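Enquirer: Pasting in a structure now, in structure tokens, and then I'll have a few things to ask.
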Amino acid sequence: REELDSSRERLPLVYVDALPVRVDERGEVTLVGLLLRAMPDGSISRAPVSGRVLYGERVRDALLRHLEKDLGPLAMPRVPTAPQPFTVVEYFPDPSVSGFHDPRQHAVSLAFVVPVAGDCAPSTDALDLVWMTPTEAASEVVAFEMTGGQDRLLRLALAHVGLLP
């Protein structure tokens, strides 16, 4: 833990953010999944699947690891062999730098939209997983329930798949 804290003080860390989605037979997004998490400050927040890329770990493997950890082993995520992020987000301890905020560190996150086909059960790290329509996900109510600029990330993801209402 001390090594990680020391690294966070000196280096940007690489993360993945994954927005799980359900798609129809044409491949169009019909539902968006958001986790409900307890945050370190004691607040409750909606969030995509997110986590650090470990040293020596491929980005695809990190995506699969975090999706399984947060959505359960039966989620059946469809991650391509060579995944490409739809955007790169930089989180900073100072929220005024980029609008994306992580009070612990400077993190560079590769963001993905990932279709899941199986049964999802949130892990013990998440309080719940809620599926909502893209319109519901893009609402001001949901944006208010998100922290660190992740509401902006959600809107970028919806725009990427052509569903920003």
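The values are calculated or read from the model by the stated rules, or taken from the named source; none is laboratory data. Small disclaimer: the values here were computed from a predicted structure and weren't measured. A quick note on method: Cβ atoms are made from the backbone with ideal geometry, for glycine too, and the neighbour counts reach across all protein chains shown. Ligands, DNA and RNA are excluded from the accessible area calculation, which covers all protein heavy atoms including side chains. Shrake-Rupley method; radii C 1.70, N 1.55, O 1.52, S 1.80 Å.
Enquirer: Ratio to report: Rg/Rh of the stretch 52-133, with Cα atoms as the point set and Rh obtained by the Kirkwood method; give two decimals. Walk me through the numbers before you get to the answer.
Expert: Details: Rg = 14.2 Å, Rh = 14.3 Å.
For the stretch 52-133, the value is 0.99.
Enquirer: Contact order normalised by length for the chain, with contacts defined as Cα pairs under 8 Å and 6 or more residues apart; what percent is it? Intermediate values should be presented prior to the final figure.
Expert: Numbers: 327 pairs, mean separation 47.6, N = 165.
Once normalised by length, the contact order is 29 percent.
Enquirer: Could I ask something else about it? Measure off, as a whole percent, the carbon and sulfur share of the 1.4 Å-probe accessible area of the chain, all protein chains present. Don't skip to the answer; put the middle values down first.
Expert: Details: 5000 of 9020 Å².
Result for the chain: 55 percent of the exposed heavy-atom area is carbon or sulfur.
Enquirer: Take the alpha carbon gyration tensor of the stretch 93-159, find the square roots of its eigenvalues, order them as a ≥ b ≥ c, and report rounded if a/c is under 1.5; if not, report prolate when a/b exceeds b/c, else oblate.
Expert: Values: a/c = 1.77, a/b = 1.44, b/c = 1.23.
Judged from the Cα gyration tensor, the stretch 93-159 comes out prolate (a/c at least 1.5, a/b above b/c).
Enquirer: Further question on the same structure: For a quick protection proxy, order the peptides 12-24, 84-96 by their average other-Cβ count within 10 Å, most packed first. Intermediate results must be reported in sequence, preceding the final value.
Expert: Numbers: 12-24: 20.2, 84-96: 14.7.
Most protected by this proxy first, the peptides run 12-24, 84-96.
Enquirer: Heavy atoms only, 1.4 Å probe, whole protein assembly: order Arg60, Arg46, Arg152 by accessible area, highest first. Intermediate results must be reported in sequence, preceding the final value.
Expert: Numbers: Arg60 65, Arg46 35, Arg152 105 Å².
Putting Arg60, Arg46, Arg152 in descending order of accessible area: Arg152, Arg60, Arg46.
Enquirer: I need the Debye-formula profile for the stretch 18-165: one equal scatterer per C-alpha, no solvent, reported as log10 I(q)/I(0) at q = 0.10, 0.12, 0.14, 0.21 1/Å, two decimals.
Expert: Rounded to two decimals, the profile gives -0.31, -0.46, -0.64, -1.60.
Enquirer: Calculated FRET efficiency, Arg78 and Ala121, Cβ-Cβ r, R0 25 Å, to nearest 0.05? Write down the numbers at each step before the final one.
Expert: Details: r = 18 Å, r/R0 = 0.72.
Once the sixth-power term is evaluated, E becomes 0.90.
Enquirer: A further question on this structure: Over the stretch 21-92, calculate the relative contact order: mean separation of alpha carbon pairs under 8 Å at least 6 apart, over the residue count, as a percent. Mind showing how you got there, number by number?
Expert: Working: 56 pairs, mean separation 11.7, N = 72.
Relative CO of the stretch 21-92 lands at 16 percent.
Enquirer: Which of the three applies to the stretch 1-87, rounded, prolate or oblate, going by the alpha-carbon gyration tensor with a ≥ b ≥ c and a/c under 1.5 meaning rounded? Could the numbers behind the result be given before it?
Expert: Numbers: a/c = 2.31, a/b = 1.45, b/c = 1.59.
Since a/c reaches 1.5 but b/c is at least a/b, the shape of the stretch 1-87 is classed as oblate.
Enquirer: Pairs of Cα atoms under 8 Å, at least six residues apart: use those to get the relative contact order of the stretch 47-123, whole percent. Can you show the working numbers first?
Expert: Numbers: 117 pairs, mean separation 24.8, N = 77.
About 32 percent, as a whole number.
Enquirer: How many angstrom separate the Cα center of the stretch 98-165 from the Cα center of the stretch 37-54?
Expert: Using only Cα atoms to place each centre, the spacing works out to 11 Å.
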